[in-house]
Every structure is written in C-alpha cells, then in structure tokens.
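Asker: What follows is a single structure, and I will ask about it in a moment.
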Amino acid sequence: MTYPLRQSSMQQNYLHQNSSQHNPSMFGFSREELLKTITARQQPSYRAKQLFQNLYARGEKNFDSMTSLPIALRNQLSQEFSLLRPSIVDRQESNDGTKKWLLQFIDGARAETVYIPEKNRGTLCLSSQVGCTLNCRFCHTGTQKLVRNLSAQEILEQVACVKDELNDWQQTSNKSLNEPLENPLSRKITNIVMMGMGEPLYNFENVATALNILIDAEGFCFSRRKITLSTAGVVPMITRLGKVLAVQLAISLHAVSDEIRDKIVPLNRKYPLNELLQACRDYPRLKNSERITFEYVMLDQINDHLSHARKLVQLIRGIPAKINLIPFNPWPNSPYRCSPAKRMHEFAEIIQKAGYAAPLRRPRGSDILAACGQLRTESIKKRKSETHEHQPYQKI
Ligand code: SF4
C-alpha cells in the first residue's frame, strides 16, 4: 500500500497558491518554517516566536491583528501570505450537546470533526485522512474509499476552526505574549483524540508534525497526556509513535481471536493479534499512570460472548490498560446490531472483576451520525457537482 509522501507546509502552501489564486497560507508552518520565513526577510529571529504565538495561541486570522509585530512586517506578510481557514460546509448539534462540523479544504476534499463536551472536559475528535483504506466492517468511514491524506496544516485547521466556533482562543485584548498562558484546563477543548476519519499511522509524518505544534507550550499548549491517537493496529508504527511523540495510545481491538478480528478489522490479516499485543507491551514509556486504551465495539452475536470477555482479560494481562466498551452505533445499511444491554453489562463485569477499568461508553452524537465509527463524507463525484455552492476556503 503506498501513500502520498508528506510535503512540507511550504510545499503544500505553494500548491495551494497555484490552485486557489490566493497567497499561500502561513497557517500550519512549524517553528522552523517560520524562522526560515522571518530570517529570509532580514528580521530578527524572535519575530518567528511572536508569529508562532499569534498563529497558534491566539488564533489570529489576519496579520493586522498581530500587534506584537511591526507594522511594516505585518504589511509585508499580508502581501505574501494569507491566513485562510477551510470552509465550514455543515454544522450539526446533537441532543446531547455533541457538535459536528463538515470542513471543505482547498481542493474540495471534505472531512468531519466532532466536539464532545463533558462536565469536566471537552474532547475534539480529529480526522487524519479523507476516507480510509482499512474497511473495518463496523465503521461507516471504512465504506468510503481513501481520497487522500490530510496535510499537517489541514489537521491543525480542524482545531482552529472549532476554536473559532467555540470562541476558545486565548484572550487577545491587552495581554502581552510574555505573560503566562492561561490555564489549559479552563478551555473548552481540553483533550484531542485522533479517532475521526482515517488511520493516523498511515499518515504518520503529517500527524506527527501537527501534534508537535499542538503540544508546543507556546502555541496550542495541549499536554501529551491529553492527546490520544487511536490505531487499528499498524504494528511497525506503534513503537515509532511512542518514541517520537509519546502521546496516549488507543487500540481498536474489537475481537480476541484472529478468526473474528480478521473479519471485522481486516488489517489483522497483516498484523495479527500476538504481534499487536507485543507492540503494546513494548510501547515506550508505558506505565500504570498512562494506560493503553483498548476499544471494543459491542456487536451482537459477533464478539460479545462472555467467553470473549474472559479471553480478553487473559490477552492483555501485564499491559497497563483500560477497556472502552462501545455500544455499536448503527449507520445506514450497517451489517451489525448492538449487543443487548444485559450482555454488555455482564461482559463489562467480567473485565472489571479482573481489575481493569471497563466503562460502557454512552454513545455521544449518534442522532447526527457523529458517534464512534459513524463519520463519513460524500463522494468526490457528488462534491464536484456541488462546488458552485461553496467557496472552498473562507477568505478572512
Ligand atoms: S475504524 Fe478507523 S481505521 Fe477502521 S475503517 Fe474506520 S476510520 Fe478506518
């Protein structure tokens, strides 16, 4: 399986410039790229840091508002760059407060992003690809062919768009960028999960670039412990993830035998359970305080026998772990039913008695198809016929 190589933000923005007639967007530039941009314009290097803070801590959408920069530099940058956001094509809000946005990027590709508010935290679920190659049988996204990887810029733009919508940027009024950042826990988005559309470890370089900007203390300032990456089990990349980023790891497990997992998570034929669980045991920096989350979707008569719960406990023995039991969220023409409530509770009880946390997740946003495994965008063909209705990017 081959995937497009990651282009640097600058290269991607060059492509954007050619395809959109807009100046290239600076949003998504790493610290290094900003430094290169600034020094090429004979400016002192600390201006790169100021730009970084303006972009990723304050979410400034135009250069004029970056009052920490001299006016001449602001004018120069606004003539050469833009700070575009993707178009928000659709917004939906669930009865339970979950919000979902459909974003359209510069080439018309679309991806969904979901915000799940809870009492003490707010979780943003990001997409890493448009569509997915992995075709997990219980997942709506898997019925959509992979259109392409999202760039680091597009992954970050999902966060920026939702922060705009929720008014969740740091206050800009009269506050010096040298003052300490606001308490991250006071924000509306406190946690990030890479669990939206796509397999993030098949888009590793772009995901890593975006996450590195998200955890930068002078930018978005998310703690590594508040960022979780979920994978269907791309074994060779799991160790690399731990070494390079050390974010929290979630595994879409969903079955306790290769026979069942081969069917519902076809990637298992390439990386069977024993290899996957060994990669989990070897995950760098794994300790009790940072457990691996195993996700287990409850499918009636498929993977929900009580003997499966007992086997699950045996399989993960020795791995600091918690098991998220996810009631199956149906989507149009989905081939499975959710397990009955009584069986899910009995299943959870067996795991809990073995000493593992096994919360039975309350489905969130299922009435707007925003719950686990329900994300999907329309085909490219349909989008092209619709593109006259939407500007691909919002000019700010
Ligand atoms: S569960 Fe994840 S990896 Fe599997 S098809 Fe859905 S989006 Fe792809």
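Just so you know, all these numbers are worked out from the coordinates, no wet-lab data involved. All figures in this text were calculated on a predicted structure; none of them were measured in a lab. Every residue, glycine as well, gets a Cβ built from its backbone with ideal geometry; the counts of neighbours run over all protein chains shown.
Asker: Over all Cα pairs of region 39-138, how is the pair count split among 10 Å bins, expressed in % and running from 0 up to the last occupied bin?
Answerer: 12, 29, 28, 22, 8, 1
Asker: Could you please rank SER128, SER230, placing first whichever residue has the fewest other Cβ atoms within 10 Å of its Cβ?
Answerer: SER230, SER128
Asker: With the Cα gyration tensor of region 45-87 in hand, give its eigenvalues times 5 under a square root as the equivalent ellipsoid semi-axes, listed largest first in whole angstrom.
Answerer: 16, 13, 8
Asker: How many nm separate the modelled label positions at ASN333 and SER65, each set 7 Å beyond the Cα in the direction of the Cβ?
Answerer: Reported label-point gap for ASN333 and SER65 is 4.3 nm.
Asker: A further question follows. Over 19 Å between C-alpha atoms is what I'm after, so list which of LYS49/LYS226; LYS100/LYS145; LYS100/LYS188; LYS61/LYS226; LYS226/LYS353 land there.
Answerer: Where the Cα-Cα span goes over 19 Å, the pairs concerned are LYS49/LYS226; LYS100/LYS145; LYS61/LYS226; LYS226/LYS353.
Asker: Follow-up. Search the structure for amide H atoms under 5 Å from the amide H of LYS322, placed 1.01 Å from N in the peptide plane, and list their residues when 5 or more places away or on another chain.
Answerer: Under 5 Å from the amide H of LYS322 lie the amide H atoms of ILE292, THR293, PHE294, each far enough along the sequence or on another chain.
Asker: Report the local net charge at TYR336: Lys and Arg +1, Asp and Glu -1, summed over other residues whose C-beta lies under 9 Å from its C-beta.
Answerer: Around TYR336, the charge tally is +1.
Asker: What is the Cα convex hull volume of region 65-122 when expressed per residue in Å³?
Answerer: Per-residue hull volume (Cα only) is 116 Å³.
Asker: Here's another thing I want to ask about it. Given the peptides 118-126, 49-57, arrange them by the average over their residues of other C-beta atoms within 10 Å, most packed first.
Answerer: Final packing ranking: 49-57, 118-126.
Asker: What is the local net charge at ASN268, summed over the other residues whose Cβ is closer than 11 Å to its Cβ (Lys, Arg +1; Asp, Glu -1)?
Answerer: It works out to a net charge of 0.
Asker: Could you sort out which of LYS99/LYS311; LYS36/LYS243; LYS243/LYS270 sit more than 29 Å apart by Cα distance in this structure?
Answerer: From LYS99/LYS311; LYS36/LYS243; LYS243/LYS270, over 29 Å: LYS99/LYS311.
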